[in-house]
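The values are calculated or read from the model by the stated rules, or taken from the named source; none is laboratory data. Everything numeric in this text was worked out from a predicted model, so none of it was measured. Every residue, glycine among them, receives a Cβ derived from its backbone with ideal geometry; neighbour counts consider all protein chains shown. Note: areas computed on protein heavy atoms with side chains; ligands, DNA, RNA excluded. Shrake-Rupley method; radii C 1.70, N 1.55, O 1.52, S 1.80 Å.
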Amino acid sequence: MSSTNTGTSTVINDIAVLVTNDPSLGDGSPLGLVRDAAVVIEGDRVVWTGESSKAPATDNRVDAGGRAVLPGFVDSHSHLVFAGDRTEEFNARMSGRAYSAGGIRTTVAATRAASDAELEANLARHLAEALRQGTTTFETKSGYGLTVADESRALRIAAAHTDEVTYLGAHIVSPDYADDPAAYVALVTGGMLDACAPHARWIDVFCEKGAFDGDQARAILTAGRAKGLHPRIHANQLSYGPGVQLAVELDAASADHCTHLTDADVDALAHSDTVATLLPGAEFSTRAQWPDARRLLDAGATVALSTDCNPGSSYTSSVPFCVALAVRDMGMTPDEAVWSATAGGAAALRRTDVGRLTPGARADLLVLDAPSHVHLAYRPGVPLVSQVWRRGVREV
């Protein structure tokens with residue numbers, strides 16, 4: 001469903017619980033919960049939130065019917081420009097084989113062989129799937145082309161659908177450079193970067209054994225920063241390593257995965273502006289060790305939750321599923337998981353206009369077919385998202 005918004009005002013009232021993510025607007029908690037609430041939209045912005053009985057007069061009225069309303073999910077880590085799938089790899093892994101970074105090569109071959117139209121159609125399909133589940137802001141990366149032409153076209157295709165585009169030429173060493181990784185790093189920081197930078201906001205690198213070491217990752221991220229791209233990093237997913245420390249050193253917006261952390265890593269994140277983005281879909285799909293969200297939160301780190309939607313290690317576009325996993329297996333409370341999937345994701349993208357429902361914020365919200373946001377974890381796997389509004393327009 002889609003409706004137009006011509007600048008008129010709309011109130012959504014009879015909201016059982018409204019998540020604002022602003023403690024000053026609600027109950028004083030990080031979620032800023034307002035009960036028996038309403039939210040007023042004008043154009044593409046929120047202009048008022050509060051108790052339903054105090055809502056100002058508006059042109060239109062929508063009855064939430066005693067349901068919960070949340071900010072739209074902010075999915076700050078995905079890999080959606082690809083072709084093919086890796087069903088056989090997943091099936092084999094679930095039958096006992098461990099995950100390694102090498103499976104990416106399968107997707108690289110399929111992506112290189114696909115047409116622009118095929119890649120865009122696949123991207124659009126996944127975005128529609130995510131929107132139906134409440135995702136209103138998403139980041140996505142290149143990384144399945146690993147040539148100048150294929151990386152730049154991936155970013156060009158992605159940029160037609162989101163402002164949050166990440167250059168990930170350093171996903172793995174291209175199979176074409178298997179015998180000369182240094183030459184590939186030179187390409188990623190040279191001609192490939194020159195071709196890709198105009199289409200991207202971010203630069204990323206998979207800092208991991210079997211991918212890129214700390215020195216290579218520093219060189220890649222530093223080169224990107226010199227071209228105006230801000231760093232983010234795949235860090236400490238499969239093993240302990242230098243990724244998190246490098247992220248903090250370079251003021252990366254986000255260190256993503258954060259599964260294997262030393263006390264020094266946790267302390268560095270807690271005393272920095274770098275968000276720890278946790279991706280439980282990856283651990284679910286690889287039977288790997290869960291990230292310890294409780295440890296990070298108790299230390300004072302900012303935590304985001306994201307899907308890591310990709311065809312190899314986390315083929316889910318469902319933020320609600322990741323919320324449920326984080327509560328069940330990563331030590332998060334339902335409130336913390338919801339905050340991390342909304343305001344946390346916004347922080348990982350250094351955005352203040354999304355991830356909250358406060359005056360001036362973008363009117364991105366979802367209505368749950370449930371009286372509380374806690375139902376996202378309480379009723380896992382149930383399609384609870386009944387409405388999705390993006391930029392003040394009802395899309396679902």
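Give me the pairs, please: first residue somewhere in region 310-332 and without any contact (Cβ under 8 Å) to a residue 40 or more places away in the chain, second residue anywhere and of a type in the set (A, V, I, L, M, F, W, C), beta-carbon distance under 7 Å, and either six or more positions apart or on two chains.
Note: pairs meeting the criteria are SER314/LEU279; SER314/ALA282; THR316/CYS309; GLY331/ALA293; MET332/ALA293; MET332/ALA326.
Filter region 351-372 for residues that are assigned to a loop (DSSP other than H, G, I, E, B) and more than 19 Å from the chain's Cα centre (by Cα) and give the result.
Residues satisfying the conditions are THR358, PRO359, GLY360, ASP369, ALA370, PRO371, SER372.
Quick check: is even one residue across region 94-105 out of contact with any Asp or Glu (no Cβ under 9 Å at 6 or more places or on another chain), more than 17 Å from PRO311 (Cα to Cα) and part of a helix (DSSP H, G or I)?
Within region 94-105, the subset out of contact with any Asp or Glu (no Cβ under 9 Å at 6 or more places or on another chain) is 94-96, 98, 100, 102, 104-105.
Then keep just the ones that are more than 17 Å from PRO311 (Cα to Cα); that gives 95-96.
Filter once more, so that each one left must be part of a helix (DSSP H, G or I): none.
No: zero hits.
If we scan region 313-325, do we find a residue that is in a loop (DSSP other than H, G, I, E, B), on the phi > 0 side of the Ramachandran plot and of a type in the set (Gly, Ala, Ser)?
Step one: filter region 313-325 for residues in a loop (DSSP other than H, G, I, E, B), giving 313, 315-318.
Keeping just the survivors that are on the phi > 0 side of the Ramachandran plot gives none.
No, the conditions are met nowhere in region 313-325.
Could you check region 230-284 for strands (runs of 3 or more DSSP E) lying wholly inside it with 1 or more residues that are in contact (Cβ under 8 Å) with a residue 60 or more places away in the chain and touching an Asp or Glu at 6+ places or on another chain (Cβ under 6 Å)? Don't jump to the end; show me each part of the working.
Working: elements: 233-235, 254-257, 275-278.
Hits in region 230-284: 275-278.
Output yes when any residue across region 201-215 is under 20 Å from VAL74 (Cβ atoms) and in a loop (DSSP other than H, G, I, E, B), and no when none is.
Scanning region 201-215 turns up at least one residue that is under 20 Å from VAL74 (Cβ atoms) and in a loop (DSSP other than H, G, I, E, B).
Out of everything in region 354-396 that is within 16 Å of VAL39 (Cα to Cα) and of a type in the set (D, E, K, R), what residue ends up being surrounded by the fewest Cβ atoms within 10 Å (Cβ to Cβ)?
Per the criteria, the residue is ARG391.
Within the bounds of region 38-61, is there any residue that is within 30 Å of ALA282 (Cβ to Cβ) and either crowded, with 21+ Cβ neighbours inside 10 Å or more than 25 Å from the chain's Cα centre (by Cα) (or both)?
Checking region 38-61: not a single residue is within 30 Å of ALA282 (Cβ to Cβ) and either crowded, with 21+ Cβ neighbours inside 10 Å or more than 25 Å from the chain's Cα centre (by Cα) (or both).
For THR342, indicate whether it is in contact with a Gly (Cβ under 8 Å, 6 or more places away or on another chain), open to solvent by less than 10 Å² (accessible area, probe 1.4 Å) and in a helix (DSSP H, G or I). So that I can check it myself, show each step before the final result.
Numbers: in contact with a Gly (Cβ under 8 Å, 6 or more places away or on another chain): yes; open to solvent by less than 10 Å² (accessible area, probe 1.4 Å): yes; in a helix (DSSP H, G or I): yes.
Criteria met by THR342.
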